[in-house]
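Here's the structure we're looking at; comments come further down.
The values are calculated or read from the model by the stated rules, or taken from the named source; none is laboratory data. Note that the structure is predicted; figures quoted are calculated from it, not measured. Every residue, glycine as well, gets a Cβ built from its backbone with ideal geometry; the counts of neighbours run over all protein chains shown. SASA here: full protein model, heavy atoms, side chains in, ligands and nucleic acids out. Shrake-Rupley method; radii C 1.70, N 1.55, O 1.52, S 1.80 Å.
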Amino acid sequence: MRSWPTDRVALGGDYNPEQWPRDVWPQDVALMREAGVSFVSVGIFAWSALEPEPGRFDLGWLDEVMDLLHEGGIAVDLATGTASPPPWFSHRYPDTLPVTRDGHRLWPGGRQAYCPSSTVFRDHAVRLAETMAQRYRDHPALAMWHVSNEYACHNTPCYCDTCAAAFRDWLRRRYGDVATMNDAWGTSFWSQRHTTFEHVLPPRQAPTASNPTQLLDYRRFSSDTLLDQFLAERAVLERVSPGVPITTNFMTLSHFRHLDYTRWAPHQDVVSTDHYLVATQADPGAELSFSGDLTRGLAGGAPWLLMEHSTSAVNWQPVNPAKAPGQMLRNSLAHVAHGADTVGFFQWRASAAGAEKFHSALLPHAGTESRLWRDVVRLGEVCGRLGELVGSRVEADVAILWDYEAGWACDQPSHPSQLVAYGDDAHQLHATLLHRGITSDVVSPAADLSSYRLVIVPTLYLMTDAGAAAVTAAAQAGAQVLVTFFSGIVDEHDHIRLGGYPGALRDLLGVWVEEFNPLRENETVQLDDGSVGAVWSERLDLRGAQAVASYAEGPLAGVPAITRRDVGAGAAWYLATRLQGEHLDALVGRLVDAAGVSAPYDCPRGVELVRRTSGTASYLFALNHRDDEVTVPVTGHDLVADVGTDGRLVLAPGGVAVVRERR
Ligand code: GAL
């Protein structure tokens, strides 16, 4: 069995040979070698080619592909092939098709058209996974198992009767008896008290707002249910093909939050993810880096695998701009900066047919006489030179807390303001630090916070007692802690922590909030330090904290909006409104100064600096997000341009360098 390529940053992507005639396959392998491709993911959507009829498997074509790839020295991340069942499956088992919240059963014809709770689907998926494992466990090209694909991308939540029964079982396991569930769900409200689990339903479309804890539990259940699908395939791979690493590709994108990846990550031998830029985002480059920092957090700080991103345009937005010259290299290296040791793409060869035929690929429709192909070959050369940093780890003194359950609870309807969306504050603070050249780890509240000098708790609406205790302990031990509004409001059942907001954190922060007063869209409020608040304000009393800034106008004039309290060897800061731009940057400046955190080098705002280290070796990634040239005073060797830097690394707008530092 081959091991994963580590003599270089592995480069590759999804390879779908079943879309092409046989004579194309050797050409593919030759071109992969020309581009420096060292791995491919094969068979992800090949179920209908692998099992054209129920129980009749046709793997001959895949044998050929595997042999060709092995001869070409290309490692295979082999899919179990179970991402999308074939037409015969949906035809034979129509009850396995997913159902929407308003009771509409979806049809096959796209992909991933199966109910997450279906044991019929599971049995067929496990049978295919076992067939694949039996056939290829000893194949020398096999380097990793790729289970399914982007779980929950299209079929979660499902509200069918199978899910309803599975949800009841999940609730029985979680609560033991119906009285405990009633308490957790607060069912005395609106006459929702259940006498038996048998009457419980998924939160299907109701005349008005559903029970919030039911909604939250349904999210938990949906994530756990798909995790069980993964674990069923994982178990068969472990049994039949022991010793081969197993992964499934996450989607740590800001807009995808169907799965609680903190619960999934421990079951991956290596954490892998996909990332796509969304053209309408305010700061797509910063969002990309956030995704990398989150993925690294899920991997416990270890290097991870970027399974997919795009060489240029995607096809699923209203308008799909091409990447600018140099952007593919910059995006790829940004992922490596944040901990990826593998750079993968969707897909190897651009499809001629199908719903994704306008999606970019490593080998474009135009062929090899193209700018894109030349850029791919250049990326391959750079990945080859980066082999020496494989296995190194990212340095960060800042933790930003991220919690999928808190997000699910925060983004429910019937809250004080629909303008408060989970993730907004986290992304904004992360971007502000990034533009100062400061790297953050994005981690779960259950992570070990003891090594961080600055801990940020952004809109962490739902907090467990353990989470609140961990944040308090971090401050006691010397960290600067920043909490932003609408944090620590409810417990794990989405019940208000009574006695004044923010219940879980009011002692730590030394504040007591009587009432929220969210601001209308585009409404702002002046603060007495010259900054301007938006989105949120609240009637806050100091209970041990000091005011850093107060509202200077409106109904809350004179009420503190930013506070600070000494705590043990550290301090707890509270931001009770949303600051933007230079005002947020100024507050972050005070925090990083107090924490003693700084960028590796002095640079103007807008230069991303990330350091990866391994033993005594250290690598500085520098990405220029500005539209003018900048100089970074780093001495060493830039592995991208393959030149020495001698205290003066000059980066063009959009430029990127990876400097092996001489310190
Ligand atoms: C991913 C998916 C790929 C492809 C890609 C297009 O979500 O895993 O199969 O669809 O998006 O951007």
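Structure notes:
- Carbon + sulfur, % of accessible area of the chain - ligands and nucleic acids excluded, 1.4 Å: 49 percent
- Scanning the chain for long hydrophobic helices, with DSSP H runs required to stretch 30 angstrom or more by C-alpha along their axis and to average at least -1.0 on the Kyte-Doolittle scale, returns 212-240.
- Each residue of segment 39-45 was assigned a 3J(HN,Hα) from its phi angle through the Karplus expression (A = 6.51, B = -1.76, C = 1.60, θ = phi - 60°), giving 8, 9, 9, 10, x, 4, 10 Hz with x at Gly and Pro.
- When the Cα positions of 643, 281, 387 are compared along the charge dipole of the chain, 387 comes out farthest toward the positive end, with charges on each C-beta of Lys, Arg, Asp and Glu.
- Residues in the chain average 38 Å² of solvent-accessible surface per residue, probe 1.4 Å, ligands and nucleic acids excluded.
- Antiparallel DSSP beta bridges within the chain, as percent of all bridges there, nearest 5: 50 percent
- For the chain, size of Cβ-based charge dipole, Lys and Arg +1, Asp and Glu -1, in debye: 280 debye
- For segment 72-218, the direction-averaged projected area of the alpha-carbon convex hull comes to 11.3 nm².
- Other-chain or far-sequence residues with amide H under 5 Å of residue 16's (modelled H): 348, 349
- Extension gain for the segment residue 30 to residue 582, taken as residue separation times 0.36 nm less the Cα-Cα distance, is 193.6 nm to one decimal.
- Gained length - residue 663 relative to residue 197, 0.36 nm times residue gap less alpha-carbon distance: 161.3 nm
- Each label point was placed 7 Å from the Cα along the Cα-to-Cβ direction; for residue 317 and residue 388 their separation is 3.7 nm.
- Those trypsin sites (Lys or Arg not before Pro) in segment 470-569 that DSSP places in a loop and that have at most 16 other beta carbons within 10 Å: 520, 543
- The residue 539 and residue 629 beta-carbon pair, evaluated with R₀ = 51 Å, returns a calculated FRET efficiency of approximately 0.55.
- Viscosity 0.890 mPa s, 25 °C: Kirkwood-radius Stokes-Einstein D of segment 406-456 over Cα pairs, µm²/s: 191 µm²/s
- Trypsin sites (Lys or Arg not before Pro) restricted to DSSP loop in segment 302-399 with at most 14 other C-beta within 10 Å: 357
- Within segment 398-595, percent of DSSP bridges classed antiparallel, to nearest 5: 55 percent
- Two-site FRET efficiency, residue 614 against residue 123, from Cβ-Cβ distance with R₀ of 60 Å, rounded to 0.05: 0.85
- Normalised convex hull volume, the chain, alpha-carbon set, Å³ per residue: 157 Å³
- Longest DSSP-loop-exposure-free segment, GluC sites (Glu not before Pro), the chain, at most 12 other Cβ within 10 Å: 1-368
- For segment 607-661: Kirkwood Rh in Å [reciprocal of mean 1/r, alpha carbons]: 11.0 Å
- Placing pseudo-labels 7 Å out from each Cα toward the beta carbon at residue 593 and residue 53 gives an inter-label distance of 7.7 nm.
- Of the residues 344, 318, 254, the one whose Cα sits farthest toward the positive end of the charge dipole of the chain, with +1 on the Cβ of Lys and Arg and -1 on the Cβ of Asp and Glu, is 344.
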